Amino acid sequence: ITIALVDDETPVINLTATQPRILEGSTGSKATLRIARVGATNNAVTVNLGYAGTAGLGVDFDGPATATIAAGALNGTFNLTAINDKSLEGTEQTTVTLQSGAGYAVGTTNSANVMVIDDEITPGTVLFSDAFGSWDGYNLWIANYPSSDSGYEYLFDYSTYGIPEAPN
């Protein structure tokens, strides 16, 4: 005699981030999230996802609206990828949340945070600035001569060597 036990309870879905960081501007960088179910595994389950936070879907990162756990499987994964937007924003965060839907119940671990790490560099502190192509400030410079045959020239036109005006 063979007896088959069939679990007929609605599966409960939980969410975790297995790789919670995306590096903007880095090819192949992705955040990986795992959806796990407890309960019936007879059918595939498609889970609805929501996003909220300082990082915006379609602006700072791309991610799916749904994720699927295949029939017979306990887990499924999906990825978020960064959008290299060329804007200096600093590190931003999105919270991925399981949304309600048909054929499953949302578990207690229903959200995960993902950081989108910006690749633009913040401007540094300017320690000194002077327009070498003008007379402003020339009298503040002190010239130290290493020998009697050295010299300097103020107001030199660097464009004669193809060098653009500072700060370029």
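Below, the figures for the structure above:
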quantity	calculated
Output for the range 77-100, where each listed residue is open to solvent by less than 30 Å² (accessible area, probe 1.4 Å) and polar (S, T, N, Q)	Thr94
Verdict on Ala73 being of a type in the set (A, V, I, L, M, F, W, C) and free of Cβ contacts under 8 Å to residues at least 40 places away in the same chain	yes
Cβ-Cβ under 9 Å pairs, at least 6 apart or on other chains, the range 53-64 side farther than 12 Å from Thr91 by Cβ and free of Cβ contacts under 8 Å to residues at least 40 places away in the same chain, far side part of a strand (DSSP E or B) and open to solvent by 70 Å² or more (accessible area, probe 1.4 Å)	Gly63/Leu57
Per-region count, the range 42-72, residues outside any strand (DSSP E or B), in contact with a strand residue (DSSP E or B) (Cβ under 8 Å, 6 or more places away or on another chain) and surrounded by fewer than 19 Cβ atoms within 10 Å (Cβ to Cβ)	6
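The values are calculated or read from the model by the stated rules, or taken from the named source; none is laboratory data. The shown structure was predicted, so the numbers you read here are calculated from the model rather than taken from an experiment. Because the Cβ atoms are built from the backbone with ideal geometry, glycine has one as well, and the counts that use them run over all protein chains shown. Calculation scope for accessible area: heavy atoms of the full protein, side chains included, ligands and nucleic acids excluded. Shrake-Rupley method; radii C 1.70, N 1.55, O 1.52, S 1.80 Å.
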